[in-house]
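Peer 1: Quick one: the structure is below, questions incoming.
The values are calculated or read from the model by the stated rules, or taken from the named source; none is laboratory data. Nothing here was measured: the structure is a model prediction, and the numbers come from that model. As a convention, Cβ positions derive from the backbone with ideal geometry for all residues, glycine included, and neighbour counts pool all protein chains shown. In case anyone asks, the SASA skips ligands and DNA or RNA and just uses the protein heavy atoms, side chains included. Shrake-Rupley method; radii C 1.70, N 1.55, O 1.52, S 1.80 Å.
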Amino acid sequence: MDTHKRVFGFKIIFLVSVFILLNESSKCNSFGVMDDEQFKTMLEEVDNHLPSSSSSQGVYELNDVEEDEWLMVAKKGNQFVINDRPFYVNGFNTYWLMVFAADQSTRGKVTEVFQKASSVGLSVCRTWAFNDGQWRALQKSPGVYDEDVFKALDFVVSEASKYKIRLILSLANNWDAYGGKAQYVKWGKASGLNLTSDDDFFSHPTLRSYYKAHAVLNRVNTITNITYKDDPTVFAWELMNEPRCTSDPSGDKLQSWITDMAVYVKSMDAKHLVEIGLEGFYGPSAPDRAQFNPNSYATQVGTDFIRNHQVLGVDFASVHIYADSWISQTITDSHIQFTKSWMEAHIEDAEKYLGMPVVFAEFGVSSKDPGYNSSFRDTLINTVYKTLLNSTKRGGSGAGSLLWQLFPDGTDYMDDGYAIVLSKSPSTSNIISLHSTRVAIVNSMCSWKCKWGCKKRNPLEAFLYHDDL
């Protein structure tokens, strides 16, 4: 792929930066974690030696020399690992990939998204593996699939693998878009069930059986011939996008559903990670944490961040960040303050109560908001990235983030206000690329025998002995 071509001049520059890092930052404290000054020095050296116009190339050079066999992502304590090496996430959302892949006239946009994401070092994409009973539906009725649309999902998985991008595949939607739980209820009513609420999706045994019959995990990819549940391209299964159960503010109904489905998915696929898809609202089990919720209504939607994530079979926590939806649509500095405190609270809880990584799986700001400008968006993204790095430097649970959302050129008609088109947003692109490079450096730190004790040679040695240098 042309985006993977090496640039000799930059390789030399990046080699110098790695050399400096190895000399100044390779010592760890007694707990195997770099102290604040060492970590700060490391990041400063990376920043100082990266040309802003080409920062994405640095990601590729490090990935090229450190590339492992394409293995499953696993969890070790409160961090992700691949082959026992750390894997911190810098990723993105593009939810419509399957639907675009189902149409030959738009299929190329799927490749373009992965190409653009790869160019700035993004390594994980979250996307929908569902479309229930709608236009171009994957699941036309319970257990009945459109093979052409399934082949489109096969294409998405195959293309992601080509660009070394892993996928979080969401299995259902809380909202009506792409069918959602409302479509399952419609199917139930059509079969004669007495259902009174869309939230019956979570409790009625027949609707639970419909969900369990969704055949994605056992699908054999028609392009790669790999069963989805055996494919390392899949980072994780997400039970549902933003589940809420407002008919039961106690949270018991949703808790029961999560308990059932997490164990069920794990029984089908013990290899992959599982997450719920929650927004992160605190519920009745943690009244002292409700102060961090964006509003009082968030406590009443039937979700419970800590309790929900203590369920057997759930491997990592998910949190979303939408200050412009939850606090006020008008842009203010309070949005930045909320973002920081919201993230810090969930990172602390993931460490203290859950013992698992937490991924901020959606975050962004809409260009349609009053007072919006691109500078504010850059500030928001920088705030998310900085908060994560503050966790990383102490070996914390902040495991990564996923922008909402990345679009290729020519798809403006799909924009919900949150789309980031890299070619039109050079400052944002540079911020993303710089963070990707920082994450790639941190992911290579096991070579320095700090926290993870990896036996691979260090990046400098790999550069020196790499044939193409």
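Peer 1: Among Leu207, Leu193, Leu169, which is in contact with a strand residue (DSSP E or B) (Cβ under 8 Å, 6 or more places away or on another chain) and closer than 29 Å to Asn308 by Cα? Quick ask: steps written out before the conclusion?
Peer 2: On the way: Leu207 fails: in contact with a strand residue (DSSP E or B) (Cβ under 8 Å, 6 or more places away or on another chain); Leu193 fails: in contact with a strand residue (DSSP E or B) (Cβ under 8 Å, 6 or more places away or on another chain).
Being in contact with a strand residue (DSSP E or B) (Cβ under 8 Å, 6 or more places away or on another chain) and closer than 29 Å to Asn308 by Cα holds for just one of Leu207, Leu193, Leu169, which is Leu169.
Peer 1: What single numbered condition from (1) closer than 24 Å to Glu279 by Cα; (2) in a helix (DSSP H, G or I); (3) open to solvent by less than 10 Å² (accessible area, probe 1.4 Å); (4) not aliphatic (A, V, I, L, M) fails to hold for Phe235?
Peer 2: That leaves (2) as the condition not met.
Peer 1: Sort out which residues of segment 152-175 are surrounded by fewer than 16 Cβ atoms within 10 Å (Cβ to Cβ) and under 24 Å from Tyr210 (Cα atoms), and write them in order of number.
Peer 2: Residue satisfying the conditions is Trp175 alone.
Peer 1: Moving to a separate point now. Return yes when Ser118 is farther than 25 Å from Glu279 by Cβ, open to solvent by less than 50 Å² (accessible area, probe 1.4 Å) and outside any strand (DSSP E or B) and no when it is not.
Peer 2: Numbers: farther than 25 Å from Glu279 by Cβ: yes; open to solvent by less than 50 Å² (accessible area, probe 1.4 Å): yes; outside any strand (DSSP E or B): yes.
So Ser118 fits the description; yes.
Peer 1: Which is within 17 Å of Lys75 (Cβ to Cβ), touching a helix residue (DSSP H, G or I) at 6+ places or on another chain (Cβ under 8 Å) and buried (at least 16 other Cβ atoms within 10 Å of the Cβ), of Val274, Val265? Reasoning before the result, please.
Peer 2: Values: Val265 fails: touching a helix residue (DSSP H, G or I) at 6+ places or on another chain (Cβ under 8 Å).
One residue alone meets the criteria, Val274.
Peer 1: In addition: Quick check on my filter: what residues within segment 96-115 are outside any helix (DSSP H, G or I) and in contact with a strand residue (DSSP E or B) (Cβ under 9 Å, 6 or more places away or on another chain)?
Peer 2: Within segment 96-115, the subset outside any helix (DSSP H, G or I) is 96, 102-106.
Once the filter is applied, which keeps residues that are outside any helix (DSSP H, G or I) and in contact with a strand residue (DSSP E or B) (Cβ under 9 Å, 6 or more places away or on another chain), segment 96-115 yields only Trp96.
Peer 1: Look at segment 185-202 and say how many of its residues are within 18 Å of Thr246 (Cα to Cα) and open to solvent by 50 Å² or more (accessible area, probe 1.4 Å). Let's see the steps before the verdict.
Peer 2: Step one: of segment 185-202, the residues within 18 Å of Thr246 (Cα to Cα) are 185, 195-202.
Okay, now just the ones that are also open to solvent by 50 Å² or more (accessible area, probe 1.4 Å), so 196, 198.
Qualifying residue count, segment 185-202: 2.
Peer 1: Considering only residues of segment 207-224 that are touching a helix residue (DSSP H, G or I) at 6+ places or on another chain (Cβ under 6 Å) and in a helix (DSSP H, G or I), which is most open to solvent (accessible area, probe 1.4 Å)?
Peer 2: Checking each candidate, the answer is Lys212.
Peer 1: Exactly one of these conditions fails for Val314: (1) assigned to a loop (DSSP other than H, G, I, E, B); (2) of a type in the set (Val, Ile, Thr); (3) under 17 Å from Ala419 (Cβ atoms). Give me its number.
Peer 2: (3)
Peer 1: Please enumerate the residues belonging to segment 317-345 that are open to solvent by 40 Å² or more (accessible area, probe 1.4 Å), in a helix (DSSP H, G or I) and more than 17 Å from Leu402 (Cα to Cα).
Peer 2: Within segment 317-345, Ser325, Asp333, Ser334, Gln337, Ser341 meet the criteria.
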